[in-house]
Amino acid sequence: MTGSARRRTGDSRYGGRVPLVAAAVCPHPPLLVPEVAGSAAPELDDLRAACDSAVRRLLATDPDIVVLLGTGPVTGPIRTPATGSLQPWGVDLDVPLVPGQPDRGAVLPLSLTIGAWLLARHGTRPPVTAVQVAADAGQAELAALADEVGAAGDRVALLVLGDGSACRGEKAPGYDDARALPYDRGVAAALADADLDALLDLDPVVSTELKAAGRAPWQVLAGVARAAGGDWRGELLHDSAPYGVAYFVASWERV
């Protein structure tokens with residue numbers, strides 16, 4: 001499923017520099033890691049493959065820095081060294097933000113732990129930094145963070161981690177909610193079309209009620225893309241809800 005956003009935003013606030021060169025959107029369920037999933041790992045093979053494809057496309061744009069962006073307890077950058085752990089999900093596995101770093105350092109939230117794990121599957125890569133955003137962040141906070149992310153380098157690639165609603169059926173973590181499917185369809189279409197307006201218009205209250213962990217990161221992505229200016233082409237690589245939680249994988253590139 002592909003689409004393109006024809007949204008001219010005029011001159012970039014960075015004086016003609018267009019720092020964001022590409023973005024990838026992936027979910028962050030711990031079950032994405034085969035060691036966590038165990039015998040159920042094959043159930044997410046398609047999702048895992050789509051995430052790998054999105055990350056490969058991201059790295060192929062030759063960025064000078066990759067920024068990981070996902071939800072966390074507060075909003076702001078996480079300084080290196082930093083390490084995530086999958087111990088809360090029953091696996092004694094540490095995931096450093098930068099492979100081979102000398103010590104554990106700061107603690108990565110789950111979203112960025114999965115993001116670091118996805119990057120680590122692709123070997124040599126540019127410098128990496130991580131930014132977390134509070135799930136309840138308001139518009140001013142999101143806009144300020146978008147400015148900070150967009151200024152991270154001359155050629156920034158953004159790996160955005162976020163799940164859709166968690167209310168797709170009676171066995172879903174948030175039980176069943178009739179609003180969940182329309183919400184997720186709207187997000188899927190926005191990611192497929194690189195529709196910045198649709199992402200920025202996501203209702204934070206409804207998103208919270210549907211336990212959609214991706215709302216704030218997706219809106220930061222939209223803010224960074226808008227500040228960079230120009231046109232964007234999106235492609236939706238995966239859309240499923242195997243455990244009652246919506247998982248999207250998308251790839252964005254400049255037209």
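In table form, for the structure just shown:
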quantity	calculated
Heavy-atom accessible surface of the chain: percent carbon and sulfur, 1.4 Å	51
Phi-based couplings in Hz for region 156-170 (Karplus 6.51, -1.76, 1.60; Gly and Pro marked x)	9, 10, 10, 9, 9, 10, x, 9, x, 5, 10, 9, 9, x, 5
Paramagnetic reach from Thr80 in region 100-125 [backbone N under 12 Å; point 7 Å along Cα→Cβ]	100-103, 125
Using a Förster distance of 35 Å, the FRET efficiency for Asp176-Gln101 (Cβ separation, nearest 0.05)	0.25
Identified option (computed log10 I(q)/I(0) by the Debye sum over Cα atoms at q = 0.07, 0.09 Å⁻¹; candidates (1) -0.21, -0.34; (2) -0.28, -0.45; (3) -0.35, -0.54)	(1)
Cut-off 10 Å between beta-carbons: net charge of the residues surrounding Ala135, Lys and Arg +1, Asp and Glu -1	+1
Local electrostatic count, Leu210, Cβ distance below 12 Å [Lys/Arg +1, Asp/Glu -1]	-2
Residues whose placed amide H lies under 5 Å from that of Ala22, excluding near-sequence neighbours	Leu158
Directionally averaged shadow of region 21-118, computed from the convex hull of its alpha-carbon atoms, nm²	6.7
Neighbour net charge for Leu237 - beta-carbon separation under 15 angstrom, K R +1, D E -1	-3
Helical mean residue ellipticity (222 nm; -39500 (n - 2.57) per DSSP H run of 4+; nearest 500) of the chain	-9500 deg cm²/dmol
Rounded if a/c under 1.5, otherwise prolate or oblate - region 71-201, Cα gyration tensor axes	oblate
Given charges at beta-carbon only (K, R positive; D, E negative), |dipole| of region 173-255 in Debye	200
Under Karplus coefficients 6.51, -1.76 and 1.60, residue-wise ³J(HN,Hα) of region 41-49 in Hz, glycine/proline x	3, x, 5, 10, 4, 5, 5, 4, 5
Distance between modelled label sites at Leu93 and Thr208, nm, 7 Å Cα→Cβ extension	3.3
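The values are calculated or read from the model by the stated rules, or taken from the named source; none is laboratory data. Values in this document were obtained by computation on a predicted structure and should not be read as measured data. Heads up, the Cβs are rebuilt from the backbone with ideal geometry, glycines too, and the neighbour counts pull from every protein chain shown. In case anyone asks, the SASA skips ligands and DNA or RNA and just uses the protein heavy atoms, side chains included. Shrake-Rupley method; radii C 1.70, N 1.55, O 1.52, S 1.80 Å.
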